Amino acid sequence: MKSWFPATLLVSVLALAGCVPGIASAQKSAKKYKVTHTPAEWRKLLSPAAYEVLRESGTERAFTGKLLDEHRKGVFVCAACGQELFNSDTKFESGTGWPSFFKPINAKAVEQVEDHSDGMDRTEVMCAGCGGHLGHVFDDGPQPTGLRYCMNSVAMKFVPEKPK
């Protein structure tokens, strides 16, 4: 006879882990942003994949994002509100499967919040314009900052530099 204990334990652990993002979401929702919408409005404005990442703190699968191999000059903006986030000059190849940058376009472009979800201690990166989840920042990036802003492609759009 098979034991039900390991399966029950796993379900319990996963249920508890699911509560942690809810705590972070409650902290985030207390802040007022320039661009706000109801969940129903966001669902109409965003693709299902973008909604999952930007509004529910999801993550796209590694090596699947359309901006991973974007190498033109320009600016990466929030897919939800258009806030300028990263300049193409700060993008680098991290080998992680997500677009990576060593610094935001300016200090007020993104916000950072402690993230203890999924059994990890990380720093979440959110759009300062709408509070959308963009990804996480790690301290294993290149100089001059030593940071790696590991972003989801679906959370951003690329605006190419206009020819001179």
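The values are calculated or read from the model by the stated rules, or taken from the named source; none is laboratory data. Just so we're clear, the structure is a prediction, and the values are computed from it rather than from any experiment. With ideal geometry, Cβ positions are generated from the backbone for all residues, glycine too; neighbour counts draw on all protein chains shown.
Okay, here's what the table says:
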quantity	calculated
Checking Lys103 against (1) over 30 Å from Arg43 (Cβ atoms); (2) touching a helix residue (DSSP H, G or I) at 6+ places or on another chain (Cβ under 6 Å); (3) touching a residue at least 60 places away in the same chain (Cβ under 8 Å), the condition it does not meet	(3)
Candidates Gly82, Gly95, Gly74, Gly65 - the one that is over 12 Å from Gly132 (Cα atoms), in contact (Cβ under 8 Å) with a residue 12 or more places away in the chain and out of contact with any Asp or Glu (no Cβ under 8 Å at 6 or more places or on another chain)	Gly65
Test: Gly97 is among the small types (Gly, Ala, Ser), within 26 Å of Glu161 (Cβ to Cβ), out of contact with any helix residue (DSSP H, G or I) (no Cβ under 7 Å at 6 or more places or on another chain) and modelled with pLDDT of 95 or more	yes
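Condition check ((1) surrounded by 10 or more Cβ atoms within 10 Å (Cβ to Cβ); (2) modelled with pLDDT under 50; (3) not in a helix (DSSP H, G or I)) across all residues:
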| position | (1), (2), (3) |
| --- | --- |
| Ser3 | no, yes, yes |
| Leu10 | yes, yes, no |
| Val13 | yes, yes, no |
| Leu16 | yes, yes, no |
| Ser25 | yes, yes, no |
| Tyr33 | yes, no, yes |
| Glu41 | yes, no, no |
